[in-house]
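First comes the structure, then the notes that go with it.
Derivation of every value follows stated rules applied to the coordinates shown; laboratory data play no part. Keep in mind the model is a prediction, meaning the values are calculated, not measured. Don't worry about glycine lacking a Cβ; one is built from the backbone with ideal geometry, like all the others, and counts go over all protein chains shown.
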Amino acid sequence: MSLTSEITEFLQSVVAAMGMDLSPTVEETPDGTRINLEGEDGGVLVRRDGEGLQALQHLTATAFRRQLGDDRRIVIDCNGFRKDKDLELKQMARFNAEKSRSSGMPQEMGPLNPYERRIVHLAIAEDPGATSESVGDAFMKTVIISATK
């Protein structure tokens, strides 16, 4: 059985134990594997800004840490919630890069968790006229976006 199949089975058993009926679909992306849980019960995972989804992501990452290693990523999504949020973060990062260029002042985004910071840093990496840096010493950090001179 493949690792993705094991993770999918694990997710199905966890959501079933929570009394939810969600079906997983697997999507291979350049960034890693995305498992999207779909169904009407998904609202439970995405309420309060996706706290339940974040917890499920953490639980899955912890359970499969050894098998995944450092170079393989699995993202757990629910009804496209995270995909939409990722798009919103990328747009906000680009907007802040443009704002930094026009104002000459660094722009702040945050506090953001490690996953969200990674999305912002990747979006800024695609912009040759801007740089980004995480600041803070806690789990949640702020990303500073600056225009390059």
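Quick one: among 49, 137, 77, which has the greatest mean-square fluctuation in a GNM of the chain with alpha-carbon springs under 10 angstrom? In the Gaussian network model the winner is 137. Of interest is the spacing of the C-alpha centroids, which for the range 1-80 and the range 87-121 amounts to 26 Å. The length gained by stretching the chain between residue 23 and residue 5 to full extension, at 0.36 nm per residue less their Cα-Cα distance, is 5.2 nm. Arranged from fewest to most other beta-carbon atoms within 10 Å of their beta carbon, 58, 121 become 58, 121. Here the Karplus curve 6.51 cos²θ - 1.76 cosθ + 1.60, taken at θ = phi - 60°, turns the phi angles of the range 106-119 into couplings of x, 10, 10, 10, x, x, 10, 7, x, 4, 5, 4, 4, 4 Hz, with x standing for Gly and Pro. Between helix 3-17 and the chain there is an angle of about 70 degrees, using the helix long axis and the longest principal axis of the Cα atoms.
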